[in-house]
Amino acid sequence: MLFWIQAFVKIALIVGVLVNMAAILLWVERKQSAMMQDRVGPNRAAIAVFGKRFRLAGLVHSIADGIKMVWKEDWEPKTGDKLLYRLAPIVALVPPLCLFAVIPFGPTLYIDHAREMFSPAWATEATARTVPLQITNLDVGVLFIFAVAGAGIIGSALAGWASDNKFSLMGGLRAASQMVSYEVAMGLSLVGAFMIYQTVRLDEMVAWQQEHTWGIFVQPLGFVLFAVSAIAETKRVPFDVPEGESELVAGYFTEYAGLKFGMFASGELVEVCTSSAILVTIFLGGWHMPFFTDRGLEFIFRGASAVSPEVAAQFVASHTMTPGFDASQGVTTASLLQHCANAFASVNGSFVWHWPHWAVVVVGLGNFVLKAAFLIFMQLQIRWTLPRFRYDQIMKLGWQMLLPAALVNVLVTGTAILFFNGPSGG
Amino acid sequence: MTATTKIIRKPARTLADQSYLLEVVKGLGVTLKHFFKGTAQLVSGNRPDPVKEPYAEGVATIEYPDEKRPYARRWRGVHRLTHREDGSPRCVACLCCSTACPAQCIYIKPAEYPLDDARRGYERYPEEFVIDELRCIFCGFCVEACPCDAIRMDTGLHMTALDNRASFIFDKAMLMSFPSQDNTFLSENPRHEPGDESHPGIDRVRGGH
């Protein structure tokens, strides 16, 4: 029962956040580009509440856009393929939403112990009720991402075909060829990471990075290659030849209006979110941050031994038995936090600051969100900085630069692993 | 004589340029600099006034209906009829402007002052003063022709879009209701009423002897 509840809650949460993120990113994109170009950006639309007009720095424009899209005439090309035409926006929007299913966005939550200090014993408890902050934990992990991201091609290709418009068809062709090309580089750029992590499961990748170091430090080339391919997959500037408004009107969604167009547009923005989330998970340590462990912050000086769970437990116990703390009054989160702050002390030459379990989960979640937000910001920055590539340049970059570079990355990674770990492997 | 040729080669692109990655980072540096500067200005509300400092660094947008860049002083906008000190129009209904008007868009109905008025016989006043602003070509000849500086085009207003032709026919009251860009109804050229002490010499009140 808990499984189903938590699955529905997590799915609703993720889909809700992502769809709303599309609206927010619309605002971010407009405002950010305005800031970059020494403009003011959108700020006119307002909501009137009791005669007072709230402009919310232009955020209302996103709402106005939504209302506009809903009320627009839902025009369809008369000679096109009706079924495929209606299917295409759905196929374009759903895969980016599905991608998030396998991404771990926070540490595992032990709901029975949320207010306590972390104990590794929970993980082995048969009765422990756990909520992994990940919709589903597939063994195929990243391969699922490749498969579903690949399905995104179908949406734009269908739209291009079903619109019965030459511009749309050209756009659909370009989208299909570009995405197929970059899928190859994208897949190969992660092989080095698989070799190091020795897994394709995303939660294990995060665990590896928590234990060792962030993926970007062991796979810098892989990070760049994957980032470039991911931006190309989103079909946005500088890789927006499928849209190519200077040549193809609007490319594969030329014939779309209203909410169907909105689904393409928000699909693009959701893709920005998911590709950032994937980059964070694989290369930037997921919800991990330096000195952040299951228990809180632990900074171990070189030469000092790590704090064992027993010491930590003792440590917390000693602080919870101080005069100000009365266990009979119930453990309130505020009192626990207070006592943990007191526990910020030096143990065995190390800084240790343990938090209750819920705080660890919240901070982990925050880490993930902040890192993803940073990458989204950088993606938008790149989108508004670079001019569009020519079609042949995109193909050349994909097949002649990224693909060989990804292969070299695999070779170098394999050599390095053999060198450091010997022929038997890690 | 042999022609000398100077061969200009395309500037060589270095490997760093070719790789594009470094150039992308440089470009991002430029845009990020602008982004943070603009954001800081807008968030703090401490941005250069785009009207007064149009060439200052930073956000340069003039938010038009709220902020306006003033027109040049010689810019010809909607006409106004200047006032005397007592609020009556300076126009003496000499019909110079309507005569000079190439578009013939000015109609003046002159009227005499009452018999007992000192100005009777010297000046008239416009009982009606109508300009068809749709027909006007904004050449400024009326302003040049006026001997009394009674009609000016220094309101700084451009013609707004009204929704019917009748609205563009401005009568005397309307023309007198526009101030200049400096927000005055008077003119920069002072008018000396007859008998003004600051204006010595002959005039029609003091006589010539």
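Every read-out reported here was derived from the displayed coordinates using simple, explicitly stated rules and does not represent laboratory data. Just so it is clear, the structure is predicted and the values come from calculations on it, not from any experiment. No Cβ is skipped: glycine too gets one built from the backbone with ideal geometry, and neighbour counts run over all protein chains shown.
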Cβ-derived FRET efficiency at R0 22 Å, B:Gln104 paired with B:Asn183, nearest 0.05: 0.10
Those residues of region A:185-207 whose amide nitrogen sits under 20 Å from the label point placed on A:Leu411, 7 Å along Cα→Cβ: A:185-196
Virtual paramagnetic centre 7 Å along Cα→Cβ of A:Phe377, amide N under 15 Å, in region B:40-69: B:40-41, B:43
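Among B:95-107, A:240-252, how do they line up from the highest to the lowest mean number of other beta-carbon atoms within 10 Å?
Highest mean packing first, the order is A:240-252, B:95-107.
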Fraction of alpha-carbon pairs over 36 Å apart in the protein assembly as shown - percent: 60 percent
Among B:139-149, B:161-171, A:275-285, the order from most to least packed when residues are scored by Cβ within 10 Å on average: A:275-285, B:139-149, B:161-171
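So, by mean Cβ neighbours within 10 angstrom, what's the order for A:130-136, A:31-37, A:46-52 with the highest one leading?
Details: A:130-136: 17.9, A:31-37: 21.3, A:46-52: 8.7.
Highest mean packing first, the order is A:31-37, A:130-136, A:46-52.
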Aspartates and glutamates whose Cα lies under 13 Å from that of A:Lys235, excluding same-chain neighbours fewer than 8 positions away: A:Glu183, A:Glu243, A:Glu245, A:Glu268, A:Glu271
Longest to shortest principal axis, alpha-carbon extents of region A:205-302, angstrom: 62, 28, 16
Region A:27-97 pair-distance distribution - Cα-Cα, 10 Å bins, rounded %: 17, 28, 29, 22, 5
Summed side-chain charge close to A:Met179 - residues other than A:Met179 whose Cβ falls under 15 Å, Lys, Arg +1, Asp, Glu -1: -3
Volume in Å³ per residue [convex hull over Cα atoms, computed for region A:1-152]: 246 Å³
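For a quick check: sort B:Arg69, A:Arg388, B:Arg119 by the number of other beta carbons within 10 angstrom, fewest at the front. Don't jump to the answer; show the numbers that get you there.
Numbers: B:Arg69 11, A:Arg388 18, B:Arg119 15.
Arranged by neighbour count, lowest to highest, B:Arg69, A:Arg388, B:Arg119 become B:Arg69, B:Arg119, A:Arg388.
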Kirkwood estimate for region A:87-224, i.e. one over the average of 1/r between Cα atoms, Å: 17.6 Å
Lysines with Cα under 24 Å of B:Lys10, excluding same-chain neighbours fewer than 8 positions away: A:Lys396, B:Lys26
Cα radius of gyration and Dmax for region B:1-53 (Å): 21.5, 69
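If you rank B:Met153, B:Met174, A:Met179 by fewest surrounding Cβ atoms within 10 Å, what's the result? Kindly include the intermediate steps, with their values, before the conclusion.
Details: B:Met153 20, B:Met174 17, A:Met179 25.
Ascending Cβ contact count within 10 Å gives the list B:Met174, B:Met153, A:Met179.
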Reach of B:Lys33 by Cα under 25 Å, taken over lysines that are not fewer than 8 positions away in the same chain: A:Lys31, A:Lys371, B:Lys52
Scattering profile of region B:62-209 at q = 0.13, 0.20 Å⁻¹ [log10 I(q)/I(0), Debye over alpha-carbon scatterers]: -0.64, -1.31
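Over all residues in A:38-49, what is the mean tally of Cβ atoms on other chains that come within 10 Å of each residue's Cβ? List each step's numbers first, then the result.
Numbers: counts 12, 5, 10, 4, 0, 3, 3, 0, 0, 0, 0, 0.
Mean inter-chain Cβ contacts per residue within 10 Å come to 3.
Using a 10 Å cut-off around each Cβ, can you sort A:Val148, A:Val270, A:Val184, B:Val43 from fewest to most neighbouring Cβ atoms?
Going from least to most buried by this count: B:Val43, A:Val184, A:Val148, A:Val270.
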